[in-house]
1. First measure r as the distance between the Cβ atoms of Asp61 and Ser17, then evaluate 1/(1 + (r/R0)^6) with R0 = 25 Å and state the FRET efficiency to the nearest 0.05.
2. Just the number, please: percent antiparallel of the DSSP beta bridges in the chain, rounded to the nearest 5.
3. Could you work out, for segment 54-105, what percent of all Cα-Cα pairs fall into each 10 Å distance bin, beginning at 0 Å and stopping at the bin that holds the largest distance?
4. Show which lysines lie in cross-link reach of Lys98 when reach means a straight Cα distance below 16 angstrom and same-chain residues fewer than eight apart are skipped.
5. For the chain, count the residues as N, evaluate 2.2 N^0.38 Å, and divide the Cα radius of gyration by that value, please.
6. Apply the Karplus curve 6.51 cos²θ - 1.76 cosθ + 1.60, θ = phi - 60°, to the phi angles in segment 37-51 and return the couplings in whole Hz, x for Gly and Pro.
Amino acid sequence: QVQLVESGGGLVQPGGSLRLSCVASGRILRINDMGWYRQAPGKQRELVAAISSGGRINYGDSVKDRLVISRDNTKSTVYLEMNSLKPEDTAVYYCNAKIVRWGIAYEYDYWGQGTQVTVSS
């Protein structure tokens, strides 16, 4: 079994900052890409940012100038630091990881349970 557990969401005022974390655990042979997606009410889930095991980064268009994604491969953890938050950033943020498990030849997509980020005064 593989689990992704997110933390760090919450309520923040406009202009504020938050740091999300996501830890992968289980029978993991290798973690390839890790990333964050978000889904606001009534909208489709969209890419926020993704980072490869080698550090190559891909940002979604809506937020790339206001956030930083990073990862610690030794801790199987990906981080998302968000700055200058706006009310339109309000969404459930989901961690995603493409993982190869021990004894399985293929990479599978895994998702966290989601963490709520609310930007409001």
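Read-outs throughout are calculated quantities, based only on the coordinates presented, and are distinct from any laboratory measurement. What you are looking at is a predicted structure, and each value in this text was computed from that prediction instead of being measured. Don't worry about glycine lacking a Cβ; one is built from the backbone with ideal geometry, like all the others, and counts go over all protein chains shown.
1. For Asp61 and Ser17, the calculated efficiency is 0.75.
2. Antiparallel bridges: around 95 percent, rounded to the nearest 5.
3. 17, 47, 26, 8, 1
4. Lys75
5. 1.04
6. 10, 9, 9, 8, x, x, 10, 6, 5, 10, 5, 9, 6, 9, 9
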